[in-house]
Amino acid sequence: MATAEASSNMKKVQVRRYKPEENADTNYLNAESGLRSWLLTKDHKRIGILYLIATTFFFFFGGLLALGIRMELWTPAATFIEADTYNQLFTLHGVIMIFLFLVPAVPAILGNFFLPMQIGAKDVAFPKLNLASWYIYMIGAIGTIFVIFAGGIDTGWTFYMPYSSTTGGAVTFMSFGVFILGFSSILTGINFITTIHKMRAPGITWGKLPLFCWSLYATSIIQILATPVLAITLALVGMERLLGIGIFDPALGGDPVLFQHFFWFYSHPAVYIMIVPGFGVVSEIVSTFSKKTIFGYWAIAMSSLAIAFISFLVWGHHMFVSGQASLANMVFSFLTFLVGIPTGIKMFNWLATMHKGSISLKTPMLYILGFFFLFTVGGLTGIALATIAIDIHLHDTYYVVAHFHFVMVGGMVMAYLGGLYYWWPKMSGRMYNETLGKISALLVFLGFNVTFLPQFVMGAQGMPRRYFNYIDQFQGFHQVSTIGAFILGIGFAMVFYNLVKSLFNGEKASANPWNSRALEWQVASPAPPHNFDHIPVLIHGPYDYHKPMADFQLGLAQTNGHEPEMGTHIEADKEVEMKD
Amino acid sequence: MANKTSTHAHPKHLYHHFIDSEQQFSAAKMGMWIFLGTEILMFGGLFAAYIIYRAWYPELFTMASHELNTIWGAVNTVVLIGSSLTVAMAIKSAQLNQKRNIAINLGITIALACVFMVIKYFEYTHKFHLGIYPGEFYTFDGIEHPKANIFFSLYYLMTGLHGIHVTIGIGLMSWLLWRSLKGDYDSEYYTPVEITGLYWHLVDIIWIFLFPLFYLID
Amino acid sequence: MEALRNFFLPPAKTAVAEQYDTLFWFVHISSLVVTIGIVVAIIYFIIKYRRKSENDVTPVITHNNKLEVTWSVIPLIITLVLFGWGFQTYIDMTKAPTDAYEVNVTAQKWLWRFQYKSGASTTNELHVPAGRPVKLIMQSQDVIHSFFVPDFRIKQDVIPGRYTEAWFQAREPGESIVFCTEYCGTDHSNMLAKVIVHEPEEFAQWLEDNSGAATKPTDLAPADWGEQLVQQNACATCHSTDGTELTGPTWQGTFGSEEQLADGSTVTVDENYIRESILNPNAKIVQGYGQVMPSYQGQLNDEQINAIIEYIKTLK
């Protein structure tokens, strides 16, 4: 059964098969109980759940703000709130969705939970730091929410100078809130990179690393390199307001366009912090639900790194009309096109994975199909916007709004929900209701398109973003969009209902309901307290569906002081060859 | 990484999720290196602002630099380099299992770091006395340049952020000192000393960039 | 086809705008083809390869170099074409001809002011001749704004402390809307203006008529001229004349009334107070309002201020 590959760095180890236990008595959820055991936990899975609870709350909060925005835009003049309130709504919507939901969602929830399991580790490299980053996140998040009561903030999530240094409200407070959130993100990045480098189980070579881990690896690189720059930029915004340091404020001799360079140097890569982990989820789900080896493993893995790298060189495409030199515009436009190529490559690889597969249209896969369409539209309109000339007319219009919602919601949120459904059995030990899952997936897809497709047209017609009043000709588009937003809202509420309901009366999940080959499915559901009581050994890649399941359940025969617990099925020792 | 089982007994400092001490040590070290990378990027933002303004107003930087006291700047440079040396000696002592020397070297490092901060304090108060405050509070009229306030904003921001790092370093080192006095570190386990040392070298290196960039412009 | 075009894009009123539209349609139609291709592939796959049983066996296809190179290189070539084409069009859109007629544009919260060579100045109305390139030299008084005319496909940020430029050449007489597209606060969405394109002779006449706007036209009563000035200077953006609450206090019935100031003292609204409020708006602010009004020092002369005061007196 061992690979016959002859190579100098192959060596033999004694392994046994550790079949996942069904209906195990202890799991990570019931191993300890009480609020204290949660708030002081160092278990990456529990920390993932803590993040899940927090981000879900902020997601729905940000969503309600979005509904407020859409309701206000039902009529061209004031509908139910004033202009200043509206400006605060879209600012908070942006800040909350980006910093409190999109950035942490996939890495901090799904990544925290599954990264160590996918590489056969018992935890991340620094569990205390992991818990600390959740607390830092909560402090930053509470600070951000507190801004509402401290006078609000109306700068837009981009904090453009000199508006942000002159307007009233709690801008200083907010900039320090986001500064703190940045550190949470940095610490998670450090933890993940170290974990991937140092904690992989025997046999998990770089070539057998699941693509979800590759995507988190690329994301973490961006996080650790870009976030410090955001942190210092926002600290400077705070200083600008407190001390009038004058670096960005033209009234004191500074340069406001310099702020935009600083800001986008982080915030463009941040787009990829949000979307790249989503790519990882897509790779996992497409392969599992097509029951087929992933097509172009290295192309997908390396394109994530390529995206991470190029993402640092394209920030200027947010500034095509800011008055920066034509030459700079040319270079940034060129590099922006380049970042489209690895993204396109991923798309084709996923489609090729489905080709000749055995496709099962369960809820997670429906989300991924939705992702394919929405992300294609989002990506291609990105190509349109990368074309400098086209961007001139479309910049800061609803076309851009629609574009980034297609990428962020259509891409990232669809992948996130797909991932949440996919891994839900492992996280909760329960199966969700498939029918309800499918209906809500369709509703989300429908609602999303009704909301944002009209915005492309409106934007091309010239409707600027961040407008409280608008000219009458756009009213029809706005009303369709508002109706869509409510459909979308109902869809998300149904997702929430379905998952929460499964906790109470969902069918008990088996260890591996999707017959996946990935390592996280080779343990009990819900996951055991320390993931593995043995040291797992991998002899095949995580997408080798042509190999028998038993091959994916191997572990070192000799345990490191931990004897396998009672009830674990152990087959006779075998000897396998594996790469060191 | 494979098959490193039961070669060591399970020592007290080893966390359950690591296979052995070696894995734990190399993970901690790598984590610190990555963190230092983020620190460089964070200071990098300020260095970028510095470079841009210096390119725009080279004459301002030459003029304003004369207001800074080169001698005290140089003394501080020597003090920090000295402390980097003593922290390296603390690590060496740990490797050689000289438990008492760990504490002594850490003590000297803390003292040097405090000397640095005291000198910095006198430099700042002297400037405040002249009316050289950051940004809009700037009232000094000894420099004939409309953007002199921005030079000093950068000066205070960069040396201030560096000062915060020195202060954090003093805190970390005091904690190490306390634990080394308890005898927690030896040649088997000295990871915290090693990675704090790495951090301290970074703080030192940043100063080595700050010193010529502000004090030695001509 | 025409209807479809009008559905997606505003009318193209300059030659550059038409050049823009060609590129716009090329990108979007090719994107549409790609999207349809992907959707068809997905639908075909999920029908054809739908899971028949849990024991389905799938082929092992790890990669295919030829295919992967193909789908990397073809998009690369397409995007390079787009890049070149886009950059060329961008240069045409932003590089003004040297013989362009220049207008100075000043943006401030929340209005646009246009100053012409002849000395004429207008607020929220840009008058230009048809068939001649017009170059805008723009600057902001406060925060960043952005000058956007959808009909001309031009957009340029307007920044405090430096000049930026935009240009266009309208073909036909007519009107086009101007939006501010860089978020600038409360009345960002009301910061609109109009470009009014005249026949060249008509424009020359307009310039002549308006160059002397600083002195009272003989055929107008002072209050009527005041009303005109109020309109030209867009005072009504913030001050209503019918009691509606806007950014600034309403003018209805304000003359002669007592107002509570932000510092707690009171003031009687008389000629001196109005004059001071126009020239030095932040000196005495009525309670409940912000320091947002720009000074009109140097933009309105005494005669004009008097006319405005006369007009305010009529608003009982």
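The values are calculated or read from the model by the stated rules, or taken from the named source; none is laboratory data. The model shown is predicted, which means the values in this text are computed figures rather than measured ones. Cβ: placed from backbone, ideal geometry, glycine included. Neighbour counts: every protein chain shown.
Below are the figures for this structure:
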quantity	calculated
Residue match in segment B:166-180 (condition: within 14 Å of another protein chain (Cβ to nearest Cβ), outside any helix (DSSP H, G or I) and not charged (D, E, K, R))	no
Pair list, Cβ < 8 Å and 6+ apart or interchain, from segment A:121-135 residues that are within 20 Å of A:His534 (Cα to Cα) to residues that are part of a helix (DSSP H, G or I) and aromatic (Phe, Trp, Tyr)	A:Val124/A:Phe192
Any hit, segment A:326-337, residues being within 26 Å of C:Val69 (Cβ to Cβ), more than 7 Å from every other protein chain (Cβ to nearest Cβ), within 21 Å of the chain's Cα centre (by Cα) and not hydroxyl-bearing (Ser, Thr, Tyr)	no
Segment A:144-165: number of residues that are touching a residue at least 12 places away in the same chain (Cβ under 8 Å), within 11 Å of chain C (Cβ to nearest Cβ) and assigned to a helix (DSSP H, G or I)	2
Hey, C:Gly174 within 12 Å of another protein chain (Cβ to nearest Cβ) and either within 30 Å of A:Arg465 (Cα to Cα) or touching a residue at least 24 places away in the same chain (Cβ under 8 Å) (or both) or not	no
Some residue of segment A:345-367 being among the β-branched types (Val, Ile, Thr), facing chain C (nearest Cβ under 10 Å) and part of a helix (DSSP H, G or I)	yes
Residues of segment C:150-168 that turn out to be assigned to a strand (DSSP E or B) and either touching a Lys or Arg at 6+ places or on another chain (Cβ under 8 Å) or at the interface with another protein chain (Cβ under 8 Å from one of its Cβ atoms) (or both), as a count	9
The listed residue being among the small types (Gly, Ala, Ser), assigned by TED's automatic domain parsing to the domain that holds A:Phe309 and either surrounded by fewer than 24 Cβ atoms within 10 Å (Cβ to Cβ) or not in a helix (DSSP H, G or I) (or both), out of A:Gly203, A:Gly177, A:Gly182, A:Gly189	A:Gly203
All helices (runs of 4 or more DSSP H) inside segment A:384-429 with 3 or more residues being more than 14 Å from every other protein chain (Cβ to nearest Cβ)	A:414-428
So B:Leu176, is it over 23 Å from B:Met42 (Cα atoms), modelled with pLDDT of 90 or more and not basic (Lys, Arg)	yes
Flag for A:Leu50 being in contact (Cβ under 8 Å) with a residue 40 or more places away in the chain, buried (at least 17 other Cβ atoms within 10 Å of the Cβ) and under 30 Å from C:Gly185 (Cβ atoms)	no
Lone qualifier among C:Phe26, C:Phe87 - being aromatic (Phe, Trp, Tyr) and within 9 Å of chain A (Cβ to nearest Cβ)	C:Phe87
B:Ala113 closer than 18 Å to B:Ile208 by Cα and at pLDDT 90 or above	yes
Selection status of A:Tyr467, within 11 Å of another protein chain (Cβ to nearest Cβ), crowded, with 21+ Cβ neighbours inside 10 Å and without any contact (Cβ under 8 Å) to a residue 12 or more places away in the chain	yes
A:Leu65 vs. criteria closer than 30 Å to C:Glu245 by Cβ and free of Cβ contacts under 8 Å to residues at least 60 places away in the same chain	yes
Matching entry among A:Thr219, A:Thr194 (being more than 12 Å from chain B (Cβ to nearest Cβ) and either in contact with a Lys or Arg (Cβ under 6 Å, 6 or more places away or on another chain) or buried (at least 24 other Cβ atoms within 10 Å of the Cβ) (or both))	A:Thr219
Test for C:Ala204: is it loosely packed, with under 15 Cβ neighbours inside 10 Å, among the aliphatic types (A, V, I, L, M) and in a helix (DSSP H, G or I)	yes
Counted residues, segment B:181-218 - those being assigned to a helix (DSSP H, G or I) and either of a type in the set (Lys, Arg) or farther than 18 Å from B:Tyr15 by Cβ (or both)	21
Meets criteria (in contact (Cβ under 8 Å) with a residue 24 or more places away in the chain, touching a Leu at 6+ places or on another chain (Cβ under 6 Å), farther than 30 Å from C:Thr237 by Cβ and outside the structural domain of A:Asn87 (by TED's automatic domain parsing)) for A:Val537	yes
Residues within segment C:80-109 that are part of a loop (DSSP other than H, G, I, E, B) and either on the phi > 0 side of the Ramachandran plot or buried (at least 20 other Cβ atoms within 10 Å of the Cβ) (or both), tallied	1
Residues of segment B:118-138 satisfying the condition of being aliphatic (A, V, I, L, M) and over 26 Å from A:Gly254 (Cβ atoms)	B:Val118, B:Ile119
Residue among C:Asp157, C:Asp142 that alone is out of contact with any Asp or Glu (no Cβ under 6 Å at 6 or more places or on another chain) and either charged (D, E, K, R) or within 24 Å of A:Leu394 (Cβ to Cβ) (or both)	C:Asp142
Enumeration of residues in segment B:15-27 that are assigned to a helix (DSSP H, G or I) and more than 8 Å from chain A (Cβ to nearest Cβ)	B:Ser21, B:Glu22, B:Gln24, B:Phe25
Unmet requirement for B:Ser21, which otherwise passes all of (1) touching a Pro at 6+ places or on another chain (Cβ under 7 Å); (2) surrounded by fewer than 16 Cβ atoms within 10 Å (Cβ to Cβ)	(2)
Some residue of segment A:62-82 being surrounded by 22 or more Cβ atoms within 10 Å (Cβ to Cβ) and closer than 30 Å to A:Gly207 by Cα	no
Residue under evaluation C:Gln205, criteria (1) at pLDDT below 90; (2) within 22 Å of C:Lys95 (Cα to Cα), criterion not met	(2)
Condition met for C:Gln252 (modelled with pLDDT of 85 or more and assigned to a loop (DSSP other than H, G, I, E, B))	yes
Test set (1) acidic (Asp, Glu); (2) at pLDDT 90 or above; (3) more than 30 Å from B:Asn101 (Cβ to Cβ) - B:Asp204 fails condition number	(3)
Pair list, Cβ under 9 Å, 6 or more apart: segment A:33-47 residue touching a residue at least 60 places away in the same chain (Cβ under 8 Å) and under 15 Å from B:His16 (Cβ atoms), other residue of a type in the set (Gly, Ala, Ser) and in a loop (DSSP other than H, G, I, E, B)	A:Asp43/A:Ala31; A:His44/A:Ala121; A:Lys45/A:Ala527
